[in-house]
Every structure is written in C-alpha cells, then in structure tokens.
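K.L.:
Dropping the structure in here first, questions after.
What follows draws every value from the coordinates through simple rules; no lab data is involved. Keep in mind that this is a model prediction, so the values were computed, not measured. Cβ coordinates were reconstructed from backbone atoms using ideal geometry, including for glycine residues, and neighbour counts include every protein chain displayed.
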C-alpha cells in the first residue's frame with residue numbers, strides 16, 4: 001500500500017519535534033449495502049474508504065491526525081501536522097528503527113469474497129427473508145431487510161520497526177419485522193453476521209429461518225401483556241443475552257476506562273468481582289467470528305483473554321497507549337472504526353463461558369420471575385456500572401413454570417452487583433452479532449453466553 005522507504009520518512013517526520021513513538025495506520029476498504037423495504041429493493045450502494053492515520057506519543061499523551069491523501073506529499077503533510085502538535089520537553093530526536101516484516105497467520109479463510117459475488121444473489125437473500133417474515137401472519141405490517149459487506153486491507157507500521165498488513169472480510173444481513181394491530185406496533189429483529197464472505201449465507205445462515213423467526217416474534221409480542229415490575233429472579237437466554245455482560249461489565253474492563261480511573265473495577269485484579277460460577281472471556285482468535293481479527297489495529301497479534309475466572313478478575317483489555325499509562329502490556333485489544341479514529345481498547349468476542357447447570361432446572365427452581373429470552377439495547381455508565389436494558393422477548397414465570405410472554409420489560413442494576421448475583425450458568429453458549437460504539441468509533445463485536453440466572457434484579461415494567 002506504501003513502500004518502506006516512504007513509511008520510514010513519514011515516521012521520522014512525525015517524530016521530528018521530539019515524540020517518543022510514531023505509528024501509521026493505512027486502510028483501503030470496499031463496501032456494498034442493499035436495502036429491501038415494502039417488497040422492493042430500495043437501494044444498492046457501493047463505496048470505497050481510503051486513507052491513513054498517524055499517531056505520535058509524547059510521554060503519556062498522544063496526537064492523532066489523518067488524511068485521505070496517501071501519496072508522499074499527503075502523508076508527509078499529515079505527519080508534520082502531528083509533529084507540530086507534540087509538546088515534548090526533552091533533548092534529542094528519536095528516529096524510526098529499520099522495519100522487520102511480520103507474517104500474519106490468517107485464521108479466517110474466505111471462500112466467496114463479497115466483491116466477486118453477484119449482487120443479485122445478495123438481493124435474493126433479502127427477498128427470501130422478506131417473504132418468510134410476511135408469511136408469519138396478516139398482522140405483519142412492515143418488513144425491512146438489509147445486507148452489508150466489506151473487504152478491508154490494512155497496513156500498520158511504527159517507529160519500533162513493525163511493518164505488517166492484513167485483510168479483513170465481513171458480511172451481515174438484517175431482518176426487521178413490525179406487527180401492528182391498528183392501535184400499536186411491536187418490532188422484532190435478527191442480524192446474523194460473520195468474518196466471512198457470502199458463503200456464510202449458503203452454508204450457515206438460512207434466510208428463510210431468519211425471516212420466519214422475526215415475523216413470529218413480532219406477532220407474539222404484539223399480543224403479550226405488559227410485564228409486571230419489581231425485584232425478582234431473572235433467567236437470561238443465550239446469544240444476545242450476553243449484551244448485558246458486554247455493556248454492564250465489559251466496558252468497565254477496557255483500559256479506556258481503567259487507565260483513567262473511570263471504572264468500578266479499577267485496582268481489583270486478583271479480587272473476586274463475580275460469583276464463583278462465572279468465567280468471562282474476550283477472544284479475538286475464534287476463526288471467522290464477527291468480532292475476530294488476526295492482528296489488532298496497532299498490529300499486535302490478537303489473543304484469547306480470560307477476564308474473569310471462577311469469579312476472580314484476571315485481566316483487563318489493554319491497548320498500547322493505555323497500557324503505557326497502566327504499566328501493563330497490550331493484549332491485542334486495540335480497535336478503531338476506520339483510519340479517521342485513533343485506536344483504543346475494545347471488546348472482540350466477549351462472552352460468559354459455559355457452566356454446568358441445567359436450563360430447565362433454572363426455571364423450575366426460580367419461583368416467580370422473568371425469563372428474558374432475547375435482550376435489546378440499553379445504556380451503561382462505565383464509571384459506576386449502572387445500567388438499564390430492554391427485554392425484547394420475555395416470559396413470565398410462575399411457581400417455576402413459564403406461563404406466557406410479556407412485553408415492556410427492562411432490567412435495571414449495577415454491573416458489579418449483578419455479577420455477584422448470578423447463581424446458575426448453563427451448558428450451551430451461543431453468540432450474537434452487534435456493533436459497539438466507543439471513543440474509537442463503531443466496531444463489530446460478538447456478545448454471548450449460556451443461559452444464566454440472576455437470583456435478584458430490578459425488573460422495570462408496569463405495576
């Protein structure tokens with residue numbers, strides 16, 4: 001993407017005013033998106049994102065500049081702008097070390113690259129999901145299906161001699177159905193994706209099943225009564241149920257928060273922060289998973305990181321700059337949306353590991369409570385761990401038996417408290433795909449868990 005001579009000149013220019021470390025992140029990304037709405041293909045868009053970001057450290061601070069002009073003149077101009085913002089107080093100038101080529105071990109094979117797949121096949125995928133969702137019943141008033149894919153080539157080089165490149169391929173489809181009664185609507189949504197090409201929708205994901213599931217869920221929730229409110233036990237289903245750990249606890253374990261003392265888990269390595277039945281992992285090495293990578297966005301090889309083991313806090317997710325602030329090594333967790341963002345520590349595939357408990361027993365021994373089969377979005381304050389999450393598909397439990405679906409439920413609590421309240425962890429873990437936003441933009445992340453039971457949590461609903 002650029003040769004080593006130019007890269008070395010750019011790094012030296014970035015360090016010319018006394019910076020300690022300099023880095024270039026260059027990307028070239030091709031995207032395509034399709035949207036089907038009201039039984040017709042509304043849009044087909046293709047695009048290309050190309051540019052470079054340059055970062056300079058000085059002490060525990062950093063400067064970041066970026067440009068979409070990646071010729072010699074553009075890169076040197078960008079590097080000099082970064083250098084001019086450095087406020088170093090030292091004598092002597094650091095120069096870039098000679099580059100050492102790094103060979104990336106690709107653990108994510110691609111068999112049908114999106115750019116080489118006929119767009120008509122992608123459109124047919126959406127038509128299939130749309131038809132299946134509408135067949136769920138006459139109350140389905142609207143269906144919106146979309147498909148997105150991207151091929152991203154990256155080059156990362158720095159003043160310590162790193163020179164490494166990688167290619168990342170992602171694809172994802174989405175189906176949303178709205179069921180209406182004339183006076184109110186209920187919505188259901190599924191969005192499977194992977195670090196794969198179009199083969200994912202031929203070998204793994206059945207668009208007919210996705211559409212049918214979404215349509216049926218929307219109708220079911222349309223007829224469900226409102227959930228009662230109160231403090232009660234809650235069983236959270238697997239897959240996207242993992243979003244509650246991701247949001248309520250995962251962000252508080254990122255060095256983005258920890259290094260600045262803005263996390264409820266600061267200074268708690270080696271301490272018990274969760275029930276002994278809880279082990280939580282952030283794994284970027286899972287082949288072809290939505291949140292995986294070969295290397296992170298600083299060129300560090302990705303890792304499998306045990307965050308919590310049997311309730312004990314073992315690790316934080318750490319990027320290079322925050323690791324420097326914390327005096328700890330990076331964990332391959334640096335991620336960014338694009339070259340226009342400086343990287344920071346982010347989750348990848350984050351999940352609660354399988355346990356030993358039986359799912360049926362979780363329900364039968366919980367008394368009166370809620371089974372949250374599918375979680376929705378929410379909000380969290382990483383400094384305090386306080387969260388509020390919607391339950392998209394819930395079921396009321398009476399005397400250990402699921403009695404009927406309910407809607408309008410939410411889960412309210414504090415991450416650290418909830419971790420200690422988990423008393424059951426099921427045996428089968430599945431994951432679901434999402435897009436996580438933070439300081440370095442939006443990145444693909446997997447969330448996951450087996451069924452878990454929280455013995456006491458505040459459920460918002462209607463009294």
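K.L.:
Show me 272-283, 93-104 ranked by packing, highest mean number of other Cβ atoms within 10 Å first.
P.N.:
Ranking, from highest mean packing down: 272-283, 93-104.
K.L.:
In degrees between 0 and 90, to the nearest 10, how far off the longest principal axis of the chain does helix 119-134 point, with axes built from Cα atoms?
P.N.:
30
K.L.:
A further question on this structure: Give the Rg/Rh ratio for the range 102-206, taking Rg as the radius of gyration of the Cα atoms and Rh as the Kirkwood radius, to two decimals.
P.N.:
With Rg and the Kirkwood Rh in hand, the quotient comes to 1.17.
K.L.:
Okay, next question. Hey, what did the range 230-460 get for relative contact order, percent, Cα under 8 Å, at least 6 apart?
P.N.:
Once normalised by length, the contact order is 31 percent.
K.L.:
Here is a further query. So what is the 222 nm mean residue ellipticity for the chain from helices alone, if each DSSP H run of at least 4 adds -39500 (n - 2.57) and you divide by all residues, rounding to the nearest 500 deg cm²/dmol?
P.N.:
Value at 222 nm, helices only, nearest 500: -5000 deg cm²/dmol.
K.L.:
Which peptide among 291-302, 234-245, 394-405 comes first, and what is the full order, when sorted by highest mean count of other Cβ atoms within 10 Å?
P.N.:
Details: 291-302: 23.2, 234-245: 26.0, 394-405: 16.6.
Ranked by mean Cβ neighbours within 10 Å, highest first: 234-245, 291-302, 394-405.
K.L.:
Another question, then. Using the Kirkwood formula over every pair of different C-alpha atoms, what hydrodynamic radius in Å results for the range 256-327?
P.N.:
Values: mean 1/r = 0.0749 Å⁻¹.
The answer is 13.3 Å.
K.L.:
With the radius of gyration and the Kirkwood radius both derived from the Cα set of the range 307-463, what is their ratio Rg to Rh? The partial results should precede the final answer.
P.N.:
Working: Rg = 17.7 Å, Rh = 17.5 Å.
Rg/Rh: 1.01.
K.L.:
What angle do you read, to the nearest 10 degrees and between 0 and 90, between the alpha-carbon axis of helix 72-84 and the longest principal axis of the chain?
P.N.:
90
K.L.:
Provide the gained length on full extension for the span residue 111 to residue 383, in nm with one decimal, where the gain is 0.36 nm per separating residue minus the Cα-Cα distance.
P.N.:
Length gained between residue 111 and residue 383: 93.6 nm.
K.L.:
Give me Rg over Rh for the range 62-146, both radii from the alpha carbons and Rh done the Kirkwood way, two decimal places.
P.N.:
1.30
K.L.:
Could I ask something else about it? Compute the long axis of helix 4-14 from its Cα atoms, compare it with the longest principal axis of the Cα atoms of the chain, and write down the angle in degrees, 0 to 90, nearest 10.
P.N.:
Rounded to the nearest ten degrees, it is 90.
K.L.:
Let me ask you something else. Tell me, how many Å apart are the Cα centres for the range 171-214 and for the range 70-88?
P.N.:
About 45 Å separates the Cα centre of the range 171-214 from the one of the range 70-88.
K.L.:
Ok, one more. How would you rank 378-391, 33-46, 68-81, highest first, on the average number of other Cβ atoms within 10 Å across their residues? Don't skip to the answer; put the middle values down first.
P.N.:
Values: 378-391: 19.1, 33-46: 13.7, 68-81: 16.6.
Order by mean packing, descending: 378-391, 68-81, 33-46.
K.L.:
While we're here: Go ahead and run the numbers for FRET between residue 2 and residue 138, Cβ-Cβ distance against an R0 of 51 Å, rounding to 0.05.
P.N.:
According to the calculation, E is roughly 0.30.
K.L.:
Another one. Which whole-number value in Å³ per residue fits the convex hull of the alpha carbons of the chain?
P.N.:
Values: hull volume 67.1 nm³, N = 463.
Spelled out: Cα convex hull of the chain, divided by residues, is 145 Å³.
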